[in-house]
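Worksheet for the structure shown next.
The values are calculated or read from the model by the stated rules, or taken from the named source; none is laboratory data. Computed from a predicted model, the values in this text were never measured in an experiment. Cβ sites come from the backbone with ideal geometry, for glycine too, and all protein chains shown count toward neighbours. To get the accessible areas, we keep the full protein, side chains included, count just its heavy atoms, and leave off ligands, DNA and RNA. Shrake-Rupley method; radii C 1.70, N 1.55, O 1.52, S 1.80 Å.
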Amino acid sequence: MKHKPVQHKANILIVDDDPQNLFSLEKLLRKLDVNVVQTTSGVGALELTLEQEFCMAIVDVQMPEMDGYELVELLRANEDTANMPVIFVSAIHSDEYHHRKGYAAGTVDFLSNPYSPEILLNKVKVFLDLYEQQYRLQDLTAQLNTAHTTLSKRTLQLEASRQVTQQVISILDINLLLFNVANLIQSQFDYYFVSIWLIEDTSDAPIILQAASGRTEKQILPPGYNLSQARPHGIISDVCHSGRPYRANDTHSDPRYQRLEALPDTRSELTLPLCVGANTLGALDIQSELPGAFTDEDILILQSLADQIAIAIRNARLYARITQFNEDLENRVEERTAKLEEAYRQLELLDRKKSDFVQVISHELRTPLTLIKGYSQILLRDPAIKADESHHLQISGIITGARRLQELVDSMLDIVKIDNQTLALCPREVSLSSLMKALINTLKDPLTERNLALSTENLEALPTIEADSDALTKLFEHLLVNAMKYTPDGGKINISGETLAIQINGQSQHFIKIIISDSGIGIAPEFQELIFTKFYQLGEVAYHSTGKTKFKGGGPGLGLAIARGIAKAHGGQIWAESPGYDEEKYPGSKFHVVLPVTLEKIVSY
Ligand code: ADP
């Protein structure tokens, strides 16, 4: 049976060689909502079934030339009419027919002539119902098939979209990404040819083929194919420039389509822009060998893929730019580091040369200094000088100056030893309390002169420590002299001590800590570490007053560097602490010195 929608009226074929019979039969059938088509011969009936579809036939058995049975036999032989129900009208009993033909029941019925009109109408109605139901069923099946085909297509498209999305989010290499995506769209949607084109980021903005995938290998255009040169006015160029999609439903009749030799079978083409916001990055071009291959729904799905591809391209480009930027940065850092290392090497060399120079000069200065000191002392004992007060004073001045010079030279030699790590310690038991007492005693006069109150705290309670007494005397002298120098007249200085037990690697280590605090000008936080660098001085050197213990008296900037060198040589530490620098409020400074009790267990912390 042909797949046709249910007709408004069903056709019934009536066949009888007697026109009178046909007339009364048609009259009877008109009571039903049907078209009645009549013919007087079997041949006529066959011709009619070739022209139109009948839901059933009512056939007279006894007809000249071709009887009713022969007609039905021929109808059964034709695929279109094989199942058409037939009612035979005859005086012959149905058993005979079954006996002779052996047809399946259901499609054939019998009426003995003369027949009852009601029975005939009832039989016809049954066949009519059957016919209508069959049509409805076919209709339904056709609808289901269409739905199934659409659904399968959509499932495939969604799966392809999912796979494209997967690629888009997982691949940052732009070439690999576009290659995979073109392949996926071509294979999953089964298109003839898929290609991705990008507008290059250069001044002439050429449109270059980035990736392509075709059903056969011959179709592949070479990557890097320059469309702007080859076809500046084709569909892809237009889409790239306008940012609007284009669909050529039939490329044979589309004036904008330009045939490519590599793609001879293209019949329809869809070109979608790859846009991020208002920027068109390129185009996704899809070709099919079927005309009208792209439905509106296909376009929606493919455009959403194109949008994802565009975002992925944008991200991949950003990533490439960042990677490039990082590489440049790394190269620059490497370059700078190499330059810095070179500069550092030069500085080290210079520093060593300076140390050598300081060492040589200091040694050279020692001999004339010893001479000056020696002869000055001889002069001072000379009775003639003793008798002359002014000469005596002048010679005493020379001796004081020579002593200061001697201290300076000693300091310079100390710093050279510290730099070269050749500061040799002569360790013995040292009582810090006694050491401090002796030291304070040497500074008694300047302390009194400048009305500075010096107090000590808890020094007696400290244990003796293993240390080089001369070196420690130097260390604390530098700190005490500094405390005096940077505290105004009438200020206070305090020396306090405490013992520390520190757990290091599960063992208790003992240290002593001395804090020298003053009520002086203080030190700004940013300089509290820098001041330990040799020759480092805060403030304008030219404004320093002279004198070793005078307020803001000048110095060579070596004291703290020597103090730290000595502390470190003992395995100790030294650091400064101050709320800040202020020459009006005098916030004061604290210098912390930590030294191990025994030298064998030196552990820096
Ligand atoms: P200097 O010979 O200049 O005293 P130092 O190495 O002993 O050299 O000290 C370096 C700098 O640290 C000093 O110039 C001074 O600015 C600062 N300084 C040191 N001790 C103190 C202190 N007790 N109070 C304030 N500033 C200090």
Problem - Only Lys, Arg (+1) and Asp, Glu (-1) charged, at Cβ; region 408-490 dipole about Cα centre in debye - result: 120 debye
Exercise for the section: Could you work out the local net charge near residue 209, counting Lys and Arg as +1, Asp and Glu as -1, over the other residues with Cβ closer than 13 Å to its Cβ? Expected result: -1
Practice task
Loop only per DSSP, at most 13 neighbouring Cβ atoms within 10 Å: give me the chymotrypsin sites (Phe, Trp or Tyr not before Pro) in region 113-152, ordered by residue number.
Solution key: none
Exercise for the section: Extending each Cα 7 Å along its Cβ direction at residue 221 and residue 80, get the distance between those two points in nm, one decimal. Expected result: 4.9 nm
Exercise for the section: Give me the distance between the Cα centres of region 461-540 and region 379-393, rounded to whole Å. Expected result: 41 Å
Completion exercise
Relative contact order of the chain (C-alpha contacts under 8 Å, at least 6 apart) in percent is 7 percent
Practice task
Using Cα centres only, tell me the gap between region 212-255 and region 151-202 in whole Å.
Solution key: 17 Å
Practice task
Quick one: which residues, 5+ away or cross-chain, put their amide H under 5 Å from the amide H of residue 580? H built at 1.01 Å from N.
Solution key: 523
Handout entry: Heavy atoms of residue 216 accessible to a 1.4 Å probe, total area in Å² rounded to 10
Key = 70 Å²
Fill in the blank from the handout: Ignoring ligands and nucleic acids, residue 526 exposes an accessible area, probe 1.4 Å, in Å² to the nearest 10, of 120 Å²
Fill in the blank from the handout: Rounded to the nearest 10 Å², the accessible area of residue 348 using a 1.4 Å probe with every protein chain kept is 80 Å²
Handout entry: Karplus-derived 3J(HN,Hα), 6.51/-1.76/1.60, for each residue of region 410-426, Hz, glycine and proline x
Key = 4, 4, 5, 5, 4, 5, 4, 5, 5, 4, 8, 6, 10, 6, 8, 9, 10
Handout entry: Degrees between helix 174-189 axis and first principal axis of the chain (Cα, 0 to 90, nearest 10)
Key = 20 degrees
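Å³ per residue of the Cα convex hull, for region 330-436?
Considering the Cα atoms of region 330-436, their hull volume per residue is 199 Å³.
Would you rank 592, 241 by solvent-accessible area, highest first, keeping every protein chain in place and using a 1.4 Å probe?
These residues rank, largest area first, as 241, 592.
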Problem - Where the chain is the region considered: accessible area per residue in Å², 1.4 Å probe - result: 56 Å²
Fill in the blank from the handout: Computed, not fitted: 222 nm per-residue ellipticity of the chain from DSSP H runs ≥ 4 (each -39500 (n - 2.57)), nearest 500, equal to -16500 deg cm²/dmol
Practice task
Whenever you get a sec, compute what percent of the accessible area on the chain sits on carbon and sulfur atoms (1.4 Å probe).
Solution key: 55 percent
Problem - Magnitude of the charge dipole, the chain, Cβ model with Lys/Arg +1 and Asp/Glu -1, debye to 20 - result: 3800 debye
Problem - Along each principal axis, Cα extent of the chain, largest first, Å - result: 184, 60, 44
Practice task
Would you mind checking 339/568; 9/153; 354/492; 548/585 for any pair whose Cα atoms are more than 28 angstrom apart?
Solution key: 339/568; 9/153; 354/492
Fill in the blank from the handout: Lys and Arg at +1, Asp and Glu at -1: neighbours of residue 271 with Cβ under 9 Å from its Cβ sum to -2
Problem - Probe 1.4 Å, all protein chains present, accessible-area order of 536, 257, largest first - result: 536, 257
Exercise for the section: Return the sequence-ordered ³J(HN,Hα) values of region 132-140 in whole Hz as given by the Karplus equation 6.51 cos²θ - 1.76 cosθ + 1.60 applied to θ = phi - 60°, using x for Gly and Pro. Expected result: 4, 4, 4, 4, 4, 4, 5, 4, 4
Fill in the blank from the handout: Taking Cα atoms, the helix 432-442 axis meets the longest principal axis of the chain at an angle in degrees (rounded to 10) of 60 degrees
Exercise for the section: In whole Hz, with x marking every Gly and Pro, tabulate ³J(HN,Hα) for region 152-165 from phi via Karplus 6.51 cos²θ - 1.76 cosθ + 1.60, θ = phi - 60°. Expected result: 4, 4, 5, 4, 4, 5, 5, 4, 4, 4, 4, 5, 4, 4
Exercise for the section: Scan around residue 193 for amide H atoms under 5 Å from its own, H built in the peptide plane at 1.01 Å from N, and keep only partners 5 or more places away or cross-chain. Expected result: 287
Completion exercise
If amide H atoms are modeled at 1.01 Å from N in the peptide plane, then the residues at a separation of 5 or more from residue 388, or on another chain, having amide H under 5 Å from its own are none
Exercise for the section: Would you please classify the overall shape of region 171-253 from the alpha carbon gyration tensor, given that a ≥ b ≥ c denote the square roots of the eigenvalues, rounded means a/c under 1.5, and beyond that prolate means a/b larger than b/c while oblate covers the rest? Expected result: oblate
Problem - Cα-based helix-to-principal-axis angle, 296-381 vs the chain, degrees rounded to 10 - result: 10 degrees
Fill in the blank from the handout: With the dipole of the chain defined by +1 on each Lys or Arg Cβ and -1 on each Asp or Glu Cβ, the option from 192, 537, 62 whose Cα lies farthest towards the positive pole is 537
Practice task
Take the alpha carbon atoms of region 45-86, find their center, do the same for region 20-40, and report the distance between the two centers in whole angstrom.
Solution key: 16 Å
Exercise for the section: Please give the residues of region 20-61, grouped as numeric ranges, whose backbone N is less than 17 Å from a label point set 7 Å along the Cα-to-Cβ vector of residue 118. Expected result: 28-29, 31-32
